[in-house]
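Report on the structure given below.
The values are calculated or read from the model by the stated rules, or taken from the named source; none is laboratory data. Quick caveat: nothing in here was measured; it's all calculated off a predicted structure. When we count neighbours, we look across all protein chains shown, and the Cβ atoms used for this are built from the backbone with ideal geometry, even at glycine. Ligands, DNA and RNA are stripped out before the accessible areas are found, and what is left, the full protein with its side chains, is counted by its heavy atoms. Shrake-Rupley method; radii C 1.70, N 1.55, O 1.52, S 1.80 Å.
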Amino acid sequence: MDTITIDTLMEKIKSGDKTYDIDKIMRAYDLADAAHEGQMRSSGEKYITHPLSVASILLDYCMDTDTICAALMHDVVEDTDVTLDEIRKKFGEDVALMVDGVTKIGQVPLNTKEEQQAENIRKILMAMSKDIRVIIIKLADRLHNMRTLYARPPEKQRKTSLETMNFYAPIAHRLGMSDVKEEMESIAIHYLDPYGCREIERLLDIHKVERDSFIDSIIEKIRSRITDIKPEPIISGRVKSIFSIYKKMYVKNKPFDEIYDIYAVRIIVQSVIECYNVLGVIHDLFSPIPYRFKDYIATPKPNRYQSLHTTVIGKEGTPFEVQIRTVEMHNTAQYGIAAHWKYKAGLKGSVAGEKRFDWIRELLERQQEADDVEQIADAIKNDLAQDEVFVFSPKGDVFTLPLGANVIDFAYAIHTEVGNKMTGAKVGGRMVPFDYQVKTGDIVEIFTSGSPNYGPNRNWLEIAKTTEAKGKIRSWFKKERREENIVCGREELEREFRRNGIPLSEEVISQAAERAHLDSIDDFYAAIGYGGVSMSKVIQRIKEEQLRVQREQNAVVPTAEENIEETNRRSRQKGIIIEGVDNCMIKFAQCCNPLPGDPIIGFVTRGFGVSIHKQDCVNVINNMDSENSDRWIKASWAGVDDSTYRATIDIVAEQKSSVIADITAVIAANRIPLHEMNMHRLKNGNVNFLITIEIAGVEQLANVMLRLKKIPGVVSAERTGKA
Ligand code: MN
């Protein structure tokens, strides 16, 4: 990247069509330049290049003069002798407030303990709700720091990347700044899981040439069919971001070739009616995949994103996504909230009254009421989650709920009293059960009881999905129904004890109450009754305690191995034991695709689980001594296990019609599921088969290979690294 100077920044200002107070910007630069004199970035460049770069990013978004000034001076109060008062005197209140806001966000220690995360986000949001430009500067600041992260030590790279992934990218997403979000995520994931990313890049690379011509041919096909639309629509194609592929592969566990939307084609037109016309043409040209059409024009996303999305399949059998939108929608999609500055007059400092920032205000209010840090952290995680539905009240008010929410959640979202008094609900004019999951576009009508004694049902606690509704139901029971809670709690405890074979002794119960920090057994029953204490946790603790006592009585000291066995019981996902790590997410590296029985090793991807490689994988051998050496961790197979694994076998055979039948016969005879089979002719006349099968372990694989090699006409059969 070229080093930016004040001259290049000024050129950029002058070449744009927006008017700036150049003198004011120059003064801000002079102050920052003098203040940072002598300071260096880790990259070895002068410090001033950083604020200059941040200002330059903000210029791309056409932010106003004051924002550019604040960006240039955003680090001076924290890192130099310049005071906020001085900035206030020379540049005015707005600039000073922005510098102060950015400084304060920078001082919030992020990425620490769970209970602090909530408080951190609250502080960030507080700063945002005063002046949204503060967070836009902070996002630009973080973006530039991510771009230059290569110059930082590995420990810092990980910490910063995790913070970016957990806080800044979700905030950029909520503000609709998708370019910023995507760039942040794709840089961060490279530091968090370098090998996982390299695998994806390798997979993308394999088909680069075909892919490029594939995308070109689609664009050509579309273009030739919509020649009558003037001015000509802008059509572009691309591979979706590595992080979006990453999420599908590793978080949703889909194999690379089953990911539908690796390719996306975007069509930008002038009017909404043209969007729907083009959609018709697309569905005529290619076959649409059912349930993959989404109309975000009629129902925009919470961050105001609008587009038509559809996934279709071309003649070649490769699915791809098509996004159709107007120029204005495209601007909003790219720049989000910042589009206000770029395409409109700008936004007044305060966000109060702006409907789209309601979620910020609600979050702040809810947090002041909440009394349990765990619940706050939960609430925020839910609030920052991307999957949401929009539901309407009969009056047309919109409510945003997490995906999977039901009518109980909706009732409590309207008002606590509506929730507590709910007797039933209608969706689209029909009565629905309480666990009816609301969908975007549903019009939901809630019926309530007028009786003062009416209240929620206890099993609503199981049905409700949102933290908010659960909390409100719990607090109703806590307040209104102590006697009933005690009875219910005792019944539940007795039932669960019986089910788990735990003796109903006063001693065991009072110990459990004590551990839950409750003074009396009645309080303990009541807490179980209203859901404040989870019975499953209580049972788990008692069982652990019993196990400990039993061990002591038997006077058998567990060996070190047994201890590891115990702590790792819960991390036996997919039949893998990770030494010393409890209950973590596990995925298999696709570079070497280990099978049960292979000697393996884990790589801790910090925040994205442990990836399992074969010990002789090239990635392992090449990176054992690198700066990441401390992230390799012992891993082993957890013995008997009924999961299966994918293995790909590369077979070369003579061109004989019987060979395919023989190969499939061997696989069928071994009762092995065949996942995929590809063949192509080699130049020498032989045929190459790539077959992917589901296998239970190396022994079974060895057996199959042996049989495959014995088929008449088979020249060779090798196991490949590919999934
Ligand atoms: Mn900075």
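Within region 490-505, the set of residues being open to solvent by 40 Å² or more (accessible area, probe 1.4 Å) and touching a residue at least 12 places away in the same chain (Cβ under 8 Å) comprises 490, 492, 500.
Taking every residue in region 143-157 that is more than 11 Å from the ligand (Cβ to nearest atom) and pairing it with any residue that is among the hydroxyl-bearing types (Ser, Thr, Tyr) and open to solvent by 20 Å² or more (accessible area, probe 1.4 Å), at least 6 positions away or on another chain, the pairs with Cβ-Cβ distances below 7 Å are 149/191; 151/42; 151/43; 152/42; 157/191. So, residue 40, is that one at pLDDT 90 or above, surrounded by fewer than 20 Cβ atoms within 10 Å (Cβ to Cβ) and within 15 Å of the ligand (Cβ to nearest atom) or not? The answer is yes for residue 40.
Residue count for region 232-258 under the criterion of being part of a loop (DSSP other than H, G, I, E, B) and open to solvent by 80 Å² or more (accessible area, probe 1.4 Å): the result is 4.
Has region 9-28 got any residue that is in the same structural domain as residue 133 (by TED's automatic domain parsing), closer than 28 Å to residue 163 by Cα and among the aliphatic types (A, V, I, L, M)? The answer is no, given that none of the residues of region 9-28 is in the same structural domain as residue 133 (by TED's automatic domain parsing), closer than 28 Å to residue 163 by Cα and among the aliphatic types (A, V, I, L, M). Does residue 173 fit the bill of being under 24 Å from residue 102 (Cβ atoms), open to solvent by 10 Å² or more (accessible area, probe 1.4 Å) and not assigned by TED's automatic domain parsing to the domain that holds residue 255? The answer is yes for residue 173. If I filter region 79-101 for residues that are within 12 Å of the ligand (Cβ to nearest atom), among the acidic types (Asp, Glu) and more than 29 Å from residue 176 (Cα to Cα), do I get at least one hit? Yes: region 79-101 contains one or more residues that are within 12 Å of the ligand (Cβ to nearest atom), among the acidic types (Asp, Glu) and more than 29 Å from residue 176 (Cα to Cα). Suppose we keep only residues that are within 18 Å of residue 90 (Cα to Cα) and hydrophobic (A, V, I, L, M, F, W, C) within region 8-37. Which one would you say is nearest to the ligand (Cβ to nearest atom)? Filtering region 8-37 for residues that are within 18 Å of residue 90 (Cα to Cα) and hydrophobic (A, V, I, L, M, F, W, C), the one nearest to the ligand (Cβ to nearest atom) comes out as 32.
Considering 487, 508, which residue is open to solvent by 70 Å² or more (accessible area, probe 1.4 Å), part of a helix (DSSP H, G or I) and of a type outside the set (Ser, Thr, Tyr)?
None of the others qualify; the one that does is 487.
When the residues of region 605-622 are filtered to those that are open to solvent by less than 20 Å² (accessible area, probe 1.4 Å) and either touching a Ser or Thr at 6+ places or on another chain (Cβ under 7 Å) or not in a loop (DSSP other than H, G, I, E, B) (or both), the one that is modelled with the lowest pLDDT is 605. Can you spot a residue in region 45-65 that is under 27 Å from residue 168 (Cα atoms), of a type in the set (Ser, Thr, Tyr), surrounded by fewer than 20 Cβ atoms within 10 Å (Cβ to Cβ) and at pLDDT below 90? No: zero hits. If you go through region 402-453 and keep only what is touching a strand residue (DSSP E or B) at 6+ places or on another chain (Cβ under 8 Å) and either among the aromatic types (Phe, Trp, Tyr) or outside the structural domain of residue 466 (by TED's automatic domain parsing) (or both), you end up with 410, 434, 436, 447. Identify the single condition in (1) assigned to a helix (DSSP H, G or I); (2) farther than 26 Å from residue 411 by Cβ that residue 479 does not satisfy, given that it satisfies every other one. It fails just one condition, (2). Within region 704-717, residues that are closer than 14 Å to residue 667 by Cβ sit with their Cβ atoms under 6 Å from residues that are part of a loop (DSSP other than H, G, I, E, B), at 6+ positions apart or across chains, in these pairs: 704/670. Suppose we filter 438, 432, 418, 444 for residues that are within 18 Å of residue 476 (Cα to Cα) and of a type in the set (Val, Ile, Thr); which single one remains? That would be 418, the only listed residue that is within 18 Å of residue 476 (Cα to Cα) and of a type in the set (Val, Ile, Thr). Listed by first and then second residue, the pairs with beta-carbon distance under 8 Å, at least 6 apart or on different chains, first residue in region 206-234 and closer than 13 Å to residue 318 by Cβ, second open to solvent by 60 Å² or more (accessible area, probe 1.4 Å), are 214/316; 215/238. Among the listed residues 384, 401, identify the single one that is more than 30 Å from residue 488 (Cα to Cα), modelled with pLDDT of 80 or more and open to solvent by less than 70 Å² (accessible area, probe 1.4 Å). Result: 401 is the single residue among 384, 401 that is more than 30 Å from residue 488 (Cα to Cα), modelled with pLDDT of 80 or more and open to solvent by less than 70 Å² (accessible area, probe 1.4 Å).
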